Amino acid sequence: MKYFYEDAPEYVVVAVGSLLGVALTKGEPFPVGKVDFLNLYPLTFKEFLKTANEKLYNYVEELSEISALPQFITNRLSELYQQYLVIGGMPAVINSFLENKSMEKVKKSNRRYLMLMF
């Protein structure tokens, strides 16, 4: 990892590892070397909407007063929100769905992420 930081900074490298050494160490353990912490979060529905239907996203963003939306708008927003809830907020899974429109691929991608987490 040190090589990439010092001799190949044009590469972005993300690494994870076991916390076993941290758990077994007494005192204040801290990784050796250059460390940057980055908190990553899933996409929000607003971000999903912008990716899935930019025209609808722009329409909603430009609303300036509180009033009832046309039924076809609320129907489409509801449909996209339900998709978002089923798909989840992981960017790669969302991209897979938007490219393929396949819930089977969504299931496989989500399963892969769950296996990586545990």
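Taken together, Tyr84, Tyr59 contain a single residue that is over 30 Å from Val12 (Cα atoms) and surrounded by 10 or more Cβ atoms within 10 Å (Cβ to Cβ), which is Tyr59.
Among the residues of segment 78-93, those that are more than 18 Å from Val60 (Cβ to Cβ) and among the hydrophobic types (A, V, I, L, M, F, W, C) comprise Val86, Ile87, Met90, Ala92, Val93. So for segment 45-67 (the condition being at pLDDT below 90, over 17 Å from the mean Cα position of the chain (by Cα), farther than 30 Å from Asp7 by Cβ and part of a helix (DSSP H, G or I)), does at least one residue qualify? For segment 45-67, residues at pLDDT below 90, over 17 Å from the mean Cα position of the chain (by Cα), farther than 30 Å from Asp7 by Cβ and part of a helix (DSSP H, G or I): absent.
Just give me the residues in segment 45-56 being surrounded by 15 or more Cβ atoms within 10 Å (Cβ to Cβ) and within 19 Å of Gln71 (Cβ to Cβ), in sequence order. If the condition is that a residue be surrounded by 15 or more Cβ atoms within 10 Å (Cβ to Cβ) and within 19 Å of Gln71 (Cβ to Cβ), then Leu49, Asn53, Leu56 are the ones that fit.
Just one of the listed residues (Leu40, Leu116, Leu98) is outside any helix (DSSP H, G or I), at pLDDT below 90 and closer than 30 Å to Val13 by Cβ, namely Leu40.
The values are calculated or read from the model by the stated rules, or taken from the named source; none is laboratory data. A quick note: this is a predicted structure, and the numbers were derived from the prediction, not measured. Virtual Cβ from ideal backbone geometry, glycine too; neighbours counted across all protein chains shown.
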